[in-house]
Structure formats: C-alpha cells, structure tokens
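Here's the structure we're looking at; comments come further down.
The values are calculated or read from the model by the stated rules, or taken from the named source; none is laboratory data. Because the structure is a prediction, the values reported are computed rather than measured. Positions of Cβ are generated from backbone atoms using ideal geometry, with glycine treated the same way; all protein chains shown enter the neighbour counts.
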Amino acid sequence: MRLPNIRENPTPWVVGGAIAVMIVGTACASMQQPSESSTRPAASAAPDSATLVTTSSSTTTAATATPVPAAAVETTVPAVTPTPQQEALFATVAAALPSANAGDTAPSSGEYGGKANVQGYLQVVIKSANTTWDRFFNGHGLGWRGVTYDVTAGSDVYNSKCTAGVRPNHPRTVFCTADNKPDGAFALPEQTIRGLWSAPKADADLAAAMVASGEVGHLAVSSLRRQLNLPAISNPQRQLMATCLSGAWAHTAYPSGSLPTSQIRTALQAASKIGDEVDGAAVARIAGDEGLAAWRLGYITGNPGRCGQAYWR
C-alpha cells in the first residue's frame, strides 16, 4: 500500500468524504481547525479508494476546563502489582508524560459550529495523541514514525490488508500492522462513531477521544514491542495496554481533577459498544472495572512504563 507523500505546512483536505491531514516538522503552538469546505490538492494516488494519512508531529489545543468538585474525582492509583520481569522490561521508559496545564482541556467537538463535527474532532484528537507519543518516544531515545490512519465517511471505503471493505458504518475500528509496516495503521468508521453523540456531549466527546486515542495506543504498542524487543502481547492484554495508553494521553490533555471517575466509567461503557479489530481479529473494548482501572492507571500516572509493567504479559 503506497502512502501519500508528506509535505511541509500542508492544508487539510477531504478525501471521499473523509478528512485527511498531514503534519510534519516541529510541534507548533496551536492547531488550526479543519475546514469542511477544503478540497484535495494533487497527491500520489493510493490503490484503495480511501487514502491513509500520515502525521508526524502536532500539539493539542487549549480551552477552558469546567471545574469538577474535588469529591467527585478519585486520584488513587489503581492497584497493579507487576512481576520483576515486567518491571525490568519497562524500566527504561517508566517516566511520566507532561501534565496538562491548569485551565486546559482536550478539544471539544462543539468547537466546530456548535455541533459534533466527527471528522474534525477525531482529527484533532489524533494530532494531539501523535504529539504525545512523538515526544515520549524521542524523549527516551526511540523513534516515532507518526500516525497513519483513515476516517471513512460518506462514500469512502477503506480496504485494509486485514479487513476489506471498511465503510463508514463498519461496526468496529480497524487496526492492521500490515497496512503500514512495521508498526501499523488504523481506520475509524465515521458513521459508527457519530452514534456516540446520542449521549450527552461531554460523555460523547470523551468516549470518541477514547476510541481514537486507543487506536493510536495500538500503534504505540507495536512500536514499543519492536524497539524494546518485547515479547508478543495478545488480547485481552493488548487491549488493556492500549486502553492504559489512551489514559496516558489524556493525562497530557485533561487537567488533573477535570474528569470525575463516574464520567470516565460512562464514557468507557459507551466506547465499548464500538468494536475493535486488531490484525484481522475482532476484539472487545474493555469497560467495567477492568477497563476503568486500566484507563485510570494511565490517566492518573501519565506513565506509559507503568502501563507496560501492569499489562504486558
């Protein structure tokens, strides 16, 4: 599968109804919101009707956070006891990511004309997660190849090497290592994810962010395994690891104390209704107490190494 060329200072464009953006270079101070009226400039053709997107660096946007009563927020780290082997495997990367600044929060879908612009919102979340992992991997002397993804929308059809014919109403997100070796790529079905907004906006925003950042988490899992020469990880442990890494991204995007545990649980439950596929195998997103513990471990500690020590087995 041939990917589009990466260019400096690109503009967003629409591909078959799907938002596509490429970012390369040093992290910028803020991100422009995508324009739904953008048109696609000339680019290399891909064999699939859907075009994969590669991003390599970006930053989050800041917005005013809604204060949450202290009593509604639990800050106790979930109890997980790693084995000595697990501690040793991740000792070199057991460091916390930067915390979000007070008053900042993750992008809101309401920033796009007062209603959920699913494509634009997913794009911004992915950019933010990409920045997080770019800084993490490079900060530990490792490499980060950027995020390669597709948002299937309108008449778009994404033909993954793992799952052919992924359309906007596909019931699951799709992650496939073979789509962009060595670490993988993923597809997000826009219509299916749009269904999350039948819930209150704040819960839907968080659930959609969990879905998107969880797929970037799968990409980080692949990259960690390759670069740290880690043993294979299979489901459900891989899904728990991706869930924990989603929480670690949220540590950089949501200020401490801005997400009550009840909202996290509700959002995880909503996100779990959207299935996932990893290298051709259908897997369930993990909610309930187990999923909550994994996501909160990442969110509270902001430490990807702790995620690995807890779930890489």
**Message:** Suppose we filter the stretch 246-261 for residues that are under 13 Å from the mean Cα position of the chain (by Cα) and among the small types (Gly, Ala, Ser); how many remain?
**Reply:** 5
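A quick yes/no check of all residues on (1) of a type in the set (A, V, I, L, M, F, W, C); (2) at pLDDT 95 or above; (3) buried (at least 24 other Cβ atoms within 10 Å of the Cβ); (4) in contact with a helix residue (DSSP H, G or I) (Cβ under 6 Å, 6 or more places away or on another chain):
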| residue | (1), (2), (3), (4) |
| --- | --- |
| Phe175 | yes, yes, yes, yes |
| Asp179 | no, yes, yes, no |
| Ala202 | yes, no, no, no |
| Asn229 | no, no, no, no |
| Pro255 | no, no, no, no |
| Ser258 | no, no, no, no |
| Arg265 | no, yes, no, yes |
| Ser272 | no, yes, no, no |
**Asked** Applying the selection to the stretch 270-291, what residues are without any contact (Cβ under 8 Å) to a residue 60 or more places away in the chain and in a helix (DSSP H, G or I)?
**Response** Gly288, Asp289, Glu290, Gly291
**Request:** Determine whether the stretch 233-245 contains at least one residue that is under 14 Å from Ala207 (Cβ atoms) and within 14 Å of the chain's Cα centre (by Cα).
**Result:** yes
**Message:** Is it the case, given these coordinates, that Ile193 is among the β-branched types (Val, Ile, Thr), modelled with pLDDT of 95 or more, part of a helix (DSSP H, G or I) and within 27 Å of Val93 (Cα to Cα)?
**Reply:** no
**Prompt:** Looking only at the stretch 176-190, which residues are acidic (Asp, Glu) and either free of Cβ contacts under 8 Å to residues at least 40 places away in the same chain or assigned to a helix (DSSP H, G or I) (or both)?
**Reply:** Asp179, Glu190
**Asked** For the stretch 274-303, which residues satisfy the criterion of being of a type in the set (Gly, Ala, Ser) and surrounded by fewer than 18 Cβ atoms within 10 Å (Cβ to Cβ)?
**Response** Gly275, Gly280, Ala281, Ala282, Ala284, Gly288
**Single condition Asp156 does not satisfy, out of (1) over 18 Å from the mean Cα position of the chain (by Cα); (2) of a type outside the set (Gly, Ala, Ser); (3) crowded, with 22+ Cβ neighbours inside 10 Å; (4) under 28 Å from Cys307 (Cβ atoms)** = (4)
**Asked** Has the stretch 86-93 got any residue that is assigned to a helix (DSSP H, G or I), of a type in the set (D, E, K, R) and at pLDDT 65 or above?
**Response** yes
**Request:** Identify the single condition in (1) of a type in the set (S, T, N, Q); (2) modelled with pLDDT of 70 or more; (3) surrounded by fewer than 16 Cβ atoms within 10 Å (Cβ to Cβ) that Thr132 does not satisfy, given that it satisfies every other one.
**Result:** (3)
